[in-house]
1. Viscosity 0.890 mPa s, temperature 25 °C: Stokes-Einstein D of the stretch 1-146 from its Kirkwood Cα radius, in µm² per second?
2. Go ahead and run the numbers for FRET between A346 and L223, Cβ-Cβ distance against an R0 of 35 Å, rounding to 0.05.
3. Applying 1/(1 + (r/R0)^6) with R0 = 41 Å to the Cβ-Cβ distance of L149 and L175, what FRET efficiency is obtained, to the nearest 0.05?
4. Just to be sure I understand: with springs between alpha-carbon atoms less than 10 Å apart, which residue in M285, M17, M238 has the highest mean-square fluctuation in the Gaussian network model of the chain?
5. Would you compute, from DSSP H runs of 4+ residues alone, the mean residue ellipticity of the chain at 222 nm, taking -39500 (n - 2.57) per run and dividing by the full residue count, rounded to the nearest 500?
6. Relative to the first principal axis of the alpha-carbon coordinates of the chain, what is the inclination of helix 80-112, with its axis defined by its Cα atoms, in degrees from 0 to 90 and to the nearest 10?
7. What are the residues whose amide H is under 5 Å from the amide H of S205, where those residues sit 5 or more places off or on another chain and H is modelled from the backbone?
8. From the residues L62, V219, A319, which one has its Cα farthest along the dipole of the stretch 9-367 in the positive direction, the dipole being from +1 and -1 charges on Cβ of Lys/Arg and Asp/Glu about the Cα centre?
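Laboratory data are not the source of any read-out in this text; all were calculated from the coordinates shown. Since the model is a prediction, treat every value here as computed from it, not as a measurement. Neighbour counts run over all protein chains shown; Cβ positions are idealised from the backbone, glycine included.
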Amino acid sequence: MKTSSGITGYEMFVIQMLFSGAAAGFIYPSFLIRSTSGSYWIPIAVWVAGALLSSWLYSRMLARLEDNKLIAAIRSALGSVWTSIFCLPVLLFLFGTLVVMLRAYSEIVTMTMLPTTPISFLNGMLLAPAALALAGMMPIVRAARVFFLLAFICTLALLILGFSDIDWTLGTPWLRTNGDFLLNKHFYAGSFVWMGFTFTSLIGSYRMQSARRAWRSYVVALLCALPLIAGYVYLPVMTFGRDLSQRLTFPFISKMDSIYHYWIVFESMTAIFVSVTMLYVLITMALQLHALGEMIKTLMPRAHNGLIYVIIFIFVYTAATLLSSWREVEHIVLVTIAIRLYIMFAFPLLGLAVLVFARNQRGKGNGL
C-alpha cells in the first residue's frame, strides 16, 4: 500500500539509508571524534534520541495535512508573506546543505583520485541530481531503489575489510563519559546526519496513516544505519588511535587508504569507497534539490518549474566553487548549527501549532 506521496514504506527506507550513507561518511566522523574524550557511542545514542524526537514531531505535523503538502498547507494558513518568513531558515538550510555536500564530495575526489582536476569541473556533477530533481520524485525513488542494493553491499564489504587490521583497545573507553560533548560545538555540528526525515517531509502530500507509515520506515532505517555510522567513527580510531584520528580531515577515508592485503584484487579501497559513495550523494542531492524546488514553487506559484531548478543549480554551483578552502566548508557547518536545530525541533512544533490553529479557525467558521 502506498503513501499519499506515492512512496512505499520500503522506498522511504531506501531513501533514508542512502541519506545516512551520504551524510555520515565524510565530515561527520571528524566532528564526532573531536567532540568528546569519552565513549563515542554515547553521543551517537543521544543524537539517535534527538532524531527520533524530531521525526516524531514532523510525523505529528504531517498527520494533520489531510492529503496536502506541508508548505502548501502552511501557506493557506499564514499567507504568502508570513510563510516565506517562516520558511526562510529552511530555504537557507537546504541551500547550505547542497553547497556543503557538493563541495565535500568534490574535495574528496580531488584528494583521493583526481588531484589535478579543477574543483569547478568536479562540481559539475550537480547536473545529474538536478536533472533527477527536475524529473520529479518518482524518478528519484526509482534511481534510489537501483542504487541502494549495490551501494549498501559494497559499503558493507568495505566495513568488514576495515575490521581486519584494528586494535580494539584503541577504541576505549567503552563505557565512560563525562558529558563533555554536550558543551562541544562539534557535537552539534554533526546534527545534519540525523535530519533525513526533514527532507522527505517537505516533499509529497501526507495524511495521518501515511505520516505514521513514513515515520516507522524512518525509524527502521535509522536503526539499520547505526552500525554503518558507528563503523565510520570507530574504525579509524581503532586503527590510528584517538589523537591522530582527531587531526585527520577525513578519518574514514584515511582508514580505507590504510587497508592492504595481498589477496585483494583492487589496488585502492579508497577509490572504491569514494565511487560507491557517489551513488549515495547523487540521490541525496537530488532529494534536496527537489525539496528546495518544491518549496520555491509553492511560495512562488507563477514561477516556471524549469527556471527554478536552473537558478538553484547556478547558485549552488557558484557558491560551492567560490569556497576557497576546506576550512570554509567546515566553518559553514559550524555557523549553521542554530538553523539546523531550529529545523529539527522548533520548525515542526511551530508548524504543528499553525496547522492546529488553522483547523480550529475553520471549525469555528463552519460552526457559524
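1. D = 132 µm²/s.
2. 0.85
3. 0.70
4. Maximum fluctuation in the GNM of the chain, among the listed residues, is at M238.
5. Calculated from helices alone, the mean residue ellipticity at 222 nm is -24000 deg cm²/dmol.
6. 20 degrees
7. It is S5, by chain and number.
8. Going by the charge dipole, the pick is L62.
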